[in-house]
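These notes are about the structure you will find just below.
The values are calculated or read from the model by the stated rules, or taken from the named source; none is laboratory data. Just so we're clear, the structure is a prediction, and the values are computed from it rather than from any experiment. Neighbour counts are summed over all protein chains in view; Cβ atoms, including those assigned to glycine, are modelled from backbone coordinates with ideal geometry. Ligands, DNA and RNA are excluded from the accessible area calculation, which covers all protein heavy atoms including side chains. Shrake-Rupley method; radii C 1.70, N 1.55, O 1.52, S 1.80 Å.
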Amino acid sequence: MIRHGLAIILLTLISQLGGIAWLVAIVLRPVARFWTVFVLAYLGLSVGAHYVAPGFGRVPLPCLDAGPTQIAVLNPVYCALNRNYVDPALKSHADALAAQMHDDFPGTRTRALDAGFPFVEGFPLLPHLSHDDGQKLDLALYYTDQDGTYQLGRARSPIGYWAFEQPPANAATLCDADGGFGLRWDMDWAQSYMRPWPLDEDRTAAALAWLANNPTGTDYAVFVEPHLAERLGVNADVIRFQGCQAARHDDHIHLQFQP
Ligand SMILES: [Zn+2]
């Protein structure tokens with residue numbers, strides 16, 4: 001019983017709908033195989049969410065490449081876990097960024113990381129405490145390989161996160177090294193597993209500048225580490241430091257606004 005409770009909590013935290021599928025599988029256990037029911041229920045709920053969530057104000061971002069003028073998730077795992085839902089206005093804004101990037105750098109693809117779950121206001125998308133209303137979206141940085149060739153829709157890390165751009169040695173220390181309690185993980189152990197690609201500074205700077213110059217809605221904000229914004233030469237009021245309790249933002253860009 002405890003095992004089932006833990007499974008339901010964990011699945012709900014990472015995918016929102018997984019816990020319900022587990023519950024369905026428990027209920028139907030007398031008449032059907034547990035894992036078959038779980039997989040079918042999870043697939044049914046996840047596919048169903050694509051059609052039902054828009055009625056509740058959240059639309060899914062494409063799970064696979066959808067052409068240069070639409071943002072899509074970097075890795076289909078975000079869709080598999082139902083973490084690709086946003087307010088329609090946020091999707092439009094991200095699509096406009098993707099289209100502009102393709103105009104400026106033909107063939108470029110703009111990719112999303114964690115967005116939000118399909119349902120329920122105030123349900124956080126862990127570990128991002130603020131991604132709880134469909135109005136927050138993380139964007140992948142752009143990269144080249146060591147020869148300077150743009151990597152289409154790919155990032156240093158397969159999921160986009162945790163391949164940090166390290167601050168220059170003379171950068172101001174913003175947060176205590178030990179960090180205390182919080183989500184500012186340095187993930188030092190993981191750095192050597194990341195692809196050794198340099199940041200595509202031209203594309204990433206262009207994307208950051210477009211986001212800075214095209215605010216929309218209210219409370220518009222773009223979170224990125226100050227050393228990265230400085231390196232890319234983009235400076236604007238809407239570009240902010242997220243604080244020391246939140247995750248590092250030199251492996252991705254966080255975008256948010258109220259439509
Ligand atoms: Zn975020």
With the condition kept exactly as written, say whether any residue in the stretch 96-113 is within 16 Å of the ligand (Cβ to nearest atom) and of a type in the set (Asp, Glu). no
Test residue 200 against the stated conditions and say whether it is more than 16 Å from the ligand (Cβ to nearest atom), among the charged types (D, E, K, R), farther than 20 Å from residue 126 by Cα and open to solvent by less than 30 Å² (accessible area, probe 1.4 Å). yes
Kindly indicate whether residue 154 is in contact with a helix residue (DSSP H, G or I) (Cβ under 8 Å, 6 or more places away or on another chain), in the same structural domain as residue 224 (by TED's automatic domain parsing) and among the basic types (Lys, Arg). no
Within the stretch 35-53, which residues are over 19 Å from the mean Cα position of the chain (by Cα) and open to solvent by 30 Å² or more (accessible area, probe 1.4 Å)? 35, 36, 39, 40, 42, 43, 44, 45, 47, 51, 52
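So that you can scan it fast, the table gives a plain yes or no per residue for (1) of a type outside the set (A, V, I, L, M, F, W, C); (2) within 15 Å of the ligand (Cβ to nearest atom):
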| site | (1), (2) |
| --- | --- |
| 129 | no, yes |
| 142 | yes, no |
| 147 | yes, no |
| 168 | yes, no |
| 173 | yes, no |
| 183 | no, yes |
| 189 | no, no |
Might you let me know whether the stretch 60-79 holds any residue that is open to solvent by 50 Å² or more (accessible area, probe 1.4 Å), free of Cβ contacts under 8 Å to residues at least 40 places away in the same chain, assigned to a helix (DSSP H, G or I) and out of contact with any Pro (no Cβ under 7 Å at 6 or more places or on another chain)? no
In this structure, does residue 132 turn out to be assigned to a loop (DSSP other than H, G, I, E, B) and touching a Pro at 6+ places or on another chain (Cβ under 6 Å)? yes
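In this structure, does residue 95 turn out to be among the acidic types (Asp, Glu), touching a helix residue (DSSP H, G or I) at 6+ places or on another chain (Cβ under 7 Å), open to solvent by 10 Å² or more (accessible area, probe 1.4 Å) and modelled with pLDDT of 95 or more?
On the way: among the acidic types (Asp, Glu): yes; touching a helix residue (DSSP H, G or I) at 6+ places or on another chain (Cβ under 7 Å): no; open to solvent by 10 Å² or more (accessible area, probe 1.4 Å): yes; modelled with pLDDT of 95 or more: yes.
It is false that residue 95 is among the acidic types (Asp, Glu), touching a helix residue (DSSP H, G or I) at 6+ places or on another chain (Cβ under 7 Å), open to solvent by 10 Å² or more (accessible area, probe 1.4 Å) and modelled with pLDDT of 95 or more.
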Kindly check whether there is at least one residue in the stretch 174-183 that is crowded, with 19+ Cβ neighbours inside 10 Å and either under 30 Å from residue 258 (Cβ atoms) or in the same structural domain as residue 235 (by TED's automatic domain parsing) (or both). no
Residue check for residue 20: in the same structural domain as residue 216 (by TED's automatic domain parsing), touching a helix residue (DSSP H, G or I) at 6+ places or on another chain (Cβ under 8 Å) and either β-branched (Val, Ile, Thr) or loosely packed, with under 14 Cβ neighbours inside 10 Å (or both): no
